[in-house]
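Asks: Please find one structure pasted underneath; my questions will follow.
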Amino acid sequence: MFRDITTLIKDPEAFNYVIQQFTEHYQNQKIDKIAGIESRGFIFGAALAHKLNLPFVLIRKKGKLPAETVSQEYALEYGTDKIEIHKDAIDAGENVLIVDDLLATGGTASAACQLVEKIGGKVAGVGFVIDLPELKGREKLQGYDIFNLVEFEGD
């Protein structure tokens with residue numbers, strides 16, 4: 001089942017509430033940069049980076065970033081895909097919070113964690129607005145600090 005966030009982001013009060021919840025959760029943690037996963041992770045991650053006065057980093061689908069990149073492949077239901085990050089987006093040892101709207105199977109989020117680590121960063125946490133626990137995405141993210149605001153069980 002598709003979980004639609006457009007009603008959340010078109011409501012300024014609801015969107016502000018989400019960003020405030022993320023801010024309260026992460027404001028006292030050691031985070032140097034926030035990375036958002038394309039595309040809805042950009043919405044929440046950029047707003048949170050602004051609120052916490054931190055740099056924002058893009059994690060995009062293959063071929064979408066203009067400078068030199070590093071890529072990570074991940075499995076889809078039928079086949080594979082790749083995400084990329086600029087090679088110079090994160091300095092060695094920086095603590096990076098990865099943000100996306102939804103945790104489903106965990107494939108993309110796991111690949112994002114691997115990308116951050118591949119270029120020398122440390123994953124400070126992985127934050128989601130929504131978790132779909134029956135899809136077992138947390139299993140692919142074992143060892144990482146995971147935060148989400150809501151969970152939706154399957155039908």
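Taken together, the values in this text are just the output of simple stated rules run on the coordinates, not laboratory data. Nothing here was measured: the structure is a model prediction, and the numbers come from that model. Here the Cβ is made from the backbone with ideal geometry for all residues, glycine too, and neighbour counts use every protein chain on show.
Asks: Here is the link list: Lys30/Lys118; Lys10/Lys82; Lys30/Lys136. Which ones come out longer than 25 Å on Cα distance?
Replies: Pairs exceeding 25 Å: Lys10/Lys82; Lys30/Lys136.
Asks: Tabulate in residue order the Karplus-calculated ³J(HN,Hα) for the range 136-146, using 6.51 cos²θ - 1.76 cosθ + 1.60 with θ = phi - 60°, rounded to whole Hz; enter x for Gly and Pro.
Replies: Along the range 136-146, the couplings run 6, x, 4, 4, 6, 10, 4, x, 9, 6, 10 Hz.
Asks: Assuming R0 = 25 Å, what is the FRET efficiency of Tyr78 and Arg138, from their Cβ-Cβ distance, to the nearest 0.05?
Replies: Working from the Cβ atoms, E equals 0.65.
Asks: Give, as a single signed number, the net charge of other residues whose beta carbon lies under 15 Å from the beta carbon of Asn148, with Lys and Arg counted +1 and Asp and Glu -1.
Replies: Here the count lands on -4.
Asks: Continuing with the same structure: Once every DSSP H run of n ≥ 4 in the chain is given -39500 (n - 2.57) and the sum is divided by its residues, what mean residue ellipticity at 222 nm do you get, rounded to the nearest 500 deg cm²/dmol?
Replies: That calculation yields -9000 deg cm²/dmol at 222 nm.
Asks: Moving on. Short version: ³J(HN,Hα) in whole Hz for each residue of the range 19-31, in order, from phi by Karplus 6.51 cos²θ - 1.76 cosθ + 1.60 (θ = phi - 60°), x for Gly and Pro, what are they?
Replies: 5, 5, 5, 5, 4, 4, 5, 9, 4, 9, 9, 7, 10
Asks: Moving on to the next point. Report the local net charge at Ala14: Lys and Arg +1, Asp and Glu -1, summed over other residues whose C-beta lies under 14 Å from its C-beta.
Replies: Here the charged neighbours net out to -3.
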